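Read through the structure below, which is laid out as structure tokens, and then see the notes.
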Amino acid sequence: MIQSDDYSRIKRSARLHKKIFSGIVYLLLSIWALIVLFPFYWMLLTSVKSYSQYNGEYIPQFFTLSPTLQNYVDAFQAVPLARYLLNTFIFTVITTAIMMFVIVLAAFAFARLQFRGKNLAFTLFLSLMMIPNELVIITNYATITNLDLRNTFLGLILPSVTSVFYIYLLKENFAQVPDALYYAAKVDGTSDLKYLLRIMIPICKPTLITIGILKIIECWNSYVWPRLITDDENYYLVSNGIQELRENGLGRENIPAMMAAVVVISVPLIVLFLIFREKIMAGVSRGGTKG
Amino acid sequence: MDKNKWKGWLYLLPAILFLGVFMVYPLIDVLIYSVEEGYNFASQTYFDIGFYNFSYVLHDPYFLQAVKNTFLMVVITVPISTGLALLISMGLSSIRPLRKLYQTVYFLPYVTNTLAVGLVFMILFKKTAYTDGMVNLLINWFGGESIDFIDGPYWAKMLVMCIYIIWVVMPFKILILTSALSSVNQSYYNAARVDGTGRGRIFLKITLPMISPTVFYLVITGFIGAFKQYSDAVALFGTDLNAAEMNTIVGYVYDMLYGDSGGYPSYASAAAIVLFVIVLTITCINLLISKKHIHY
């Protein structure tokens with residue numbers, strides 16, 4: 001009997017240990033979640049505080065009892081925020097669309113077509129992946145300036161419509177489509193282009209969507225190239241808009257309106273993320289590079 | 001068959017055109033720029049060929065400051081973010097309920113605009129005449145003195161910078177490590193449990209070796225990413241990074257190219273090449289070290 005007593009005591013203490021351990025784990029995870037979420041909370045909170053309330057608080061308050069949407073109105077009126085959003089939208093959509101066109105054709109050629117010099121071309125493509133953007137951006141800036149394409153959408157879009165990495169990713173996916181399908185289509189007299197459009201693209205749709213979303217995120221957040229190539233407010237993207245707002249717009253002190261603008265800019269991507277959560281996370285773990 | 005020979009190239013044509021104009025040609029051009037001394041952007045003329053541009057850049061105090069800043073950021077943020085991400089993903093994989101929720105929350109910084117959220121960080125840390133700011137409030141609670149993190153002493157600015165960089169890079173690392181941890185074969189753990197192995201020993205002898213290739217991948221990409229740090233600094237300190245003493249190497253390149261101090265593509269090219277050499281060297285060293293310590 002004594003032995004069985006011992007056993008249940010050990011069992012109980014083991015269970016207690018486990019509980020304490022997982023309690024600590026949850027606590028630490030929650031602390032990190034708080035650190036991640038706090039800036040978002042603070043930006044939302046500040047954006048609904050009135051100007052006088054915000055500036056009257058020497059010690060910042062953690063909540064507000066009289067939320068106002070006036071800051072959002074101010075943000076849209078003081079700077080052409082709607083214009084920035086529209087520009088970014090146009091830039092993102094066109095860039096992503098052209099990139100899809102370019103990489104689908106290239107990936108198809110590498111995955112399916114037979115032609116002389118294919119392996120050499122593919123090796124050269126892959127070696128381009130090592131080239132950092134910082135090296136080529138200097139000449140691109142000169143090229144676009146010399147072509148007189150500064151402050152145009154064309155100048156913004158052209159250098160960012162190819163990605164060797166996405167060609168590679170898509171080629172790997174295309175290569176997984178069974179050869180038998182291709183030969184069957186050939187026997188039926190289907191042309192290569194039709195085969196690509198009718199069979200390859202539908203089969204590889206998940207990968208295409210993932211690549212598309214990753215590119216959209218990249219475009220929406222791009223800052224360096226747009227900054228180099230635009231100095232006319234009419235062509236600013238949101239990142240540059242934010243920077244402009246901070247340095248010249250609104251006045252340094254109207255922080256609530258600034259935060260309202262920040263919220264407006266952040267919301268589209270967060271919504272996109274919440275809708276395509278699984279796809280985005282799977283895509284990033286397969287092919288994301290940031291960090 | 002003759003038709004097929006050209007068809008492949010036809011499909012590749014758009015990609016080759018774009019890559020040729022915006023990647024291959026610039027790559028050659030940047031080398032040419034870097035040796036053209038006294039290049040004038042407006043008249044597109046230069047005096048001489050030589051290595052003066054490199055010598056100028058390497059003796060420029062702004063560049064040296066940028067190098068120092070960049071190295072500090074790399075050395076501080078890469079180990080801390082990798083370690084912290086490892087800890088968090090271990091925690092994540094040891095729980096069941098709420099795991100999806102935590103993962104979603106942790107990933108949020110990845111999809112936000114760096115410039116936008118950087119502004120929020122600036123406000124949290126900034127001390128103005130009207131308010132000491134959120135972070136100083138916390139410091140005061142613990143009995144510390146208020147510090148201006150944005151316009152104050154160098155170490156304070158560096159601290160905010162590193163905190164923000166870590167905040168930004170964590171989602172990627174957590175995501176990658178979590179999926180690496182979930183792919184470790186469970187039978188190793190079961191075997192260890194049968195033997196009554198402790199948690200620490202399981203971590204050191206099973207988990208760490210099994211995920212070491214992933215950790216190593218994160219360290220390499222972390223180094224490369226941190227060396228190219230720029231937008232995060234702009235987000236916190238504004239575009240005039242030299243004045244804030246917080247410029248980075250990439251920032252120096254862009255400053256030389258554009259803006260008030262710009263118009264010197266030759267200096268910019270030389271600096272970009274120096275950066276490339278640094279990154280390449282560090283990556284090679286990393287690869288050499290990994291050969292000894294990584295178990296595949």
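The values are calculated or read from the model by the stated rules, or taken from the named source; none is laboratory data. What you see is a predicted model, and the numbers here were worked out from it, not measured in a lab. Here Cβ is always computed from backbone atoms with ideal geometry, including for glycine, and neighbour counts include all displayed protein chains.
Filter the range A:46-67 down to residues that are surrounded by 16 or more Cβ atoms within 10 Å (Cβ to Cβ) and assigned to a loop (DSSP other than H, G, I, E, B) and give me whichever is modelled with the highest pLDDT.
Checking each candidate, the answer is A:LYS49.
Please go through the range A:85-132 and give me each residue that is in a helix (DSSP H, G or I), loosely packed, with under 14 Cβ neighbours inside 10 Å and more than 27 Å from the chain's Cα centre (by Cα), ordered by number.
Across the range A:85-132, the qualifying residues are A:ASN119, A:LEU120, A:THR123.
I'd like to check which helices (runs of 4 or more DSSP H) are fully inside the range B:125-239 and have at least 2 residues that are touching a residue at least 24 places away in the same chain (Cβ under 8 Å) and either touching a Gly at 6+ places or on another chain (Cβ under 7 Å) or not basic (Lys, Arg) (or both).
Where helices (runs of 4 or more DSSP H) fall fully within the range B:125-239 and carry at least 2 residues being touching a residue at least 24 places away in the same chain (Cβ under 8 Å) and either touching a Gly at 6+ places or on another chain (Cβ under 7 Å) or not basic (Lys, Arg) (or both), they are B:154-182, B:208-227, B:231-237.
How many of the residues making up the range A:245-260 are in a helix (DSSP H, G or I), touching a helix residue (DSSP H, G or I) at 6+ places or on another chain (Cβ under 7 Å) and either modelled with pLDDT under 90 or not small (Gly, Ala, Ser) (or both)?
Number satisfying all stated conditions: 7.
Every residue, every condition in (1) of a type in the set (S, T, N, Q); (2) surrounded by fewer than 17 Cβ atoms within 10 Å (Cβ to Cβ); (3) touching a strand residue (DSSP E or B) at 6+ places or on another chain (Cβ under 7 Å), yes or no:
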position	(1), (2), (3)
B:LEU87	no, yes, no
B:TYR110	no, no, no
B:ASN140	yes, yes, no
B:LYS157	no, no, no
B:THR178	yes, no, no
B:ALA191	no, yes, no
B:THR197	yes, yes, no
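Each row is one residue, and each column tells you yes or no for (1) within 19 Å of A:MET43 (Cα to Cα); (2) assigned by TED's automatic domain parsing to the domain that holds B:VAL78; (3) of a type outside the set (Gly, Ala, Ser).
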| residue | (1), (2), (3) |
| --- | --- |
| B:GLY118 | yes, yes, no |
| B:LYS127 | yes, yes, yes |
| B:ASN140 | no, yes, yes |
| B:PRO153 | no, yes, yes |
| B:MET158 | no, yes, yes |
| B:TYR164 | yes, yes, yes |
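Okay, residues lined up against (1) surrounded by fewer than 20 Cβ atoms within 10 Å (Cβ to Cβ); (2) among the acidic types (Asp, Glu); (3) in contact with a helix residue (DSSP H, G or I) (Cβ under 7 Å, 6 or more places away or on another chain); (4) under 30 Å from B:TYR11 (Cα atoms):
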position: A:GLY189; (1), (2), (3), (4): yes, no, no, yes
position: A:LEU196; (1), (2), (3), (4): no, no, yes, yes
position: A:CYS219; (1), (2), (3), (4): no, no, yes, yes
position: A:SER222; (1), (2), (3), (4): no, no, yes, yes
position: A:ASP232; (1), (2), (3), (4): yes, yes, no, no
position: A:ASN240; (1), (2), (3), (4): no, no, yes, no
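Condition first: over 12 Å from A:ILE131 (Cα atoms), of a type in the set (A, V, I, L, M, F, W, C) and exposed (fewer than 13 other Cβ atoms within 10 Å of the Cβ). Now tell me which residues in the range B:271-285 satisfy that.
B:CYS284, B:ILE285
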